[in-house]
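Below is one structure, written out as structure tokens, with a few remarks after it.
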Amino acid sequence: MPNIKSAKRRMRSDEVKQTRNRGVKSSLKTAERRLDDAIKDGKKETTVAALKDVNSSYDRAVKQGVVNASKASRKKSRLAKRVNAAV
């Protein structure tokens, strides 16, 4: 436990950030899971819609500072390749 006032403040703000980051990362995983399911189903419309949802989710995560921009770009590219190969 911190003794210094600024360290206590920092600990509280870190907890808030951790909670937000966990939620954002969880929603990213959910979006990717939906995309996987759509690819397995083989329906083009749902797959394209799921890819669009994943891309916007990654863009939001980058904007919030939860995910690095390079990682998001790499994931989006790889997912798009999978969708194009499947559809």
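Coordinate-derived values only; no laboratory data. Predicted, not measured: the structure shown is a model, and the values here were computed from it. For neighbour counting, all protein chains shown are included, and Cβ atoms are generated from backbone atoms with ideal geometry for every residue, glycine included.
Which pairs turn up if I take residues in the stretch 32-47 that are without any contact (Cβ under 8 Å) to a residue 60 or more places away in the chain and look for partners that are surrounded by fewer than 17 Cβ atoms within 10 Å (Cβ to Cβ) and of a type in the set (A, V, I, L, M) with beta carbon separation below 7 Å, at least 6 apart in sequence or on another chain?
39/86; 44/87; 47/86; 47/87
What is the number of the single condition among (1) assigned to a helix (DSSP H, G or I); (2) in contact with a helix residue (DSSP H, G or I) (Cβ under 7 Å, 6 or more places away or on another chain); (3) touching a residue at least 24 places away in the same chain (Cβ under 8 Å) that residue 66 does not meet?
Residue 66 satisfies all of (1) assigned to a helix (DSSP H, G or I); (2) in contact with a helix residue (DSSP H, G or I) (Cβ under 7 Å, 6 or more places away or on another chain); (3) touching a residue at least 24 places away in the same chain (Cβ under 8 Å) except (1).
Among the residues that make up the stretch 73-81, is at least one of them hydrophobic (A, V, I, L, M, F, W, C) and closer than 19 Å to residue 21 by Cα?
no
Name every residue in the stretch 29-45 that is surrounded by 13 or more Cβ atoms within 10 Å (Cβ to Cβ) and more than 18 Å from residue 81 (Cβ to Cβ), in order of residue number.
Correct list: 30, 43.
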